[in-house]
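Taking it in order: structure first as structure tokens, then the write-up.
The values are calculated or read from the model by the stated rules, or taken from the named source; none is laboratory data. Treat the numbers as computed from the prediction; the structure is a model and nothing was measured. Cβ sites come from the backbone with ideal geometry, for glycine too, and all protein chains shown count toward neighbours.
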Amino acid sequence: MSETETIYDQIEIEDFTFDPDTQLFTYPCPCGDRFQISIYDLQDGENIAVCPSCSLMCEIIFDEIDLQEYLDQIS
């Protein structure tokens, strides 16, 4: 991520919606679309969700242990 890109907000993982079928976390973006990030990106240490329709990004606040309950929903 370059220094010119800005984070729209910091959002707790509990505020995201998790879909076990797509394995994506989503959260409403002000543009009307949704920020999204996969559970595997989070496992790899990524914590920035991106809106596919605009340039906004949000930082996800979570601990590694938080992911286990979502991983349990997949398997």
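What number of residues in the range 1-14 are farther than 16 Å from Gln68 by Cα and either of a type in the set (Asp, Glu) or modelled with pLDDT of 95 or more (or both)? Write out each step before concluding.
Filtering the range 1-14 for residues farther than 16 Å from Gln68 by Cα gives 1-11.
Going one step further and asking which of them are either of a type in the set (Asp, Glu) or modelled with pLDDT of 95 or more (or both), we end up with 3, 5, 9-11.
The qualifying residues number 5.
Going through the range 21-30 one residue at a time, which ones are in contact with a Cys (Cβ under 9 Å, 6 or more places away or on another chain) and outside any loop (DSSP other than H, G, I, E, B)? It would help to see each step written out before you state the result.
Step one: filter the range 21-30 for residues in contact with a Cys (Cβ under 9 Å, 6 or more places away or on another chain), giving 27, 29-30.
Once the filter is applied, which keeps residues that are in contact with a Cys (Cβ under 9 Å, 6 or more places away or on another chain) and outside any loop (DSSP other than H, G, I, E, B), the range 21-30 yields only Tyr27.
Please state which of the following conditions Asp41 fails to meet, knowing it meets all the rest: (1) touching a helix residue (DSSP H, G or I) at 6+ places or on another chain (Cβ under 8 Å); (2) modelled with pLDDT of 95 or more; (3) surrounded by 15 or more Cβ atoms within 10 Å (Cβ to Cβ).
For Asp41, the exception is condition (1).
Considering only residues of the range 54-66 that are of a type outside the set (Val, Ile, Thr) and in contact (Cβ under 8 Å) with a residue 40 or more places away in the chain, which is surrounded by the fewest Cβ atoms within 10 Å (Cβ to Cβ)?
First, the residues of the range 54-66 that are of a type outside the set (Val, Ile, Thr): 54-59, 62-64, 66.
Subsequent filtering for residues that are in contact (Cβ under 8 Å) with a residue 40 or more places away in the chain retains 55-59, 62, 66.
On the way: Ser55: 10, Leu56: 18, Met57: 18, Cys58: 21, Glu59: 13, Phe62: 17, Asp66: 14.
Within the range 54-66, the match that is surrounded by the fewest Cβ atoms within 10 Å (Cβ to Cβ) is Ser55.
When you scan the range 30-38, do you find a residue that is at pLDDT 95 or above and among the hydroxyl-bearing types (Ser, Thr, Tyr), even just one?
yes
List, please: which pairs have Cβ atoms under 7 Å, are six or more places apart or on different chains, and start with a residue in the range 3-20 that is in a helix (DSSP H, G or I) and surrounded by 10 or more Cβ atoms within 10 Å (Cβ to Cβ) and end with one that is among the β-branched types (Val, Ile, Thr) and modelled with pLDDT of 95 or more?
Qualifying pairs under 7 Å: Ile13/Ile60; Ile13/Ile61.
Out of the residues in the range 36-53 that are in contact with a Leu (Cβ under 9 Å, 6 or more places away or on another chain) and without any contact (Cβ under 8 Å) to a residue 24 or more places away in the chain, which is farthest from Asp66 (Cα to Cα)?
Among them, the one singled out is Val50.
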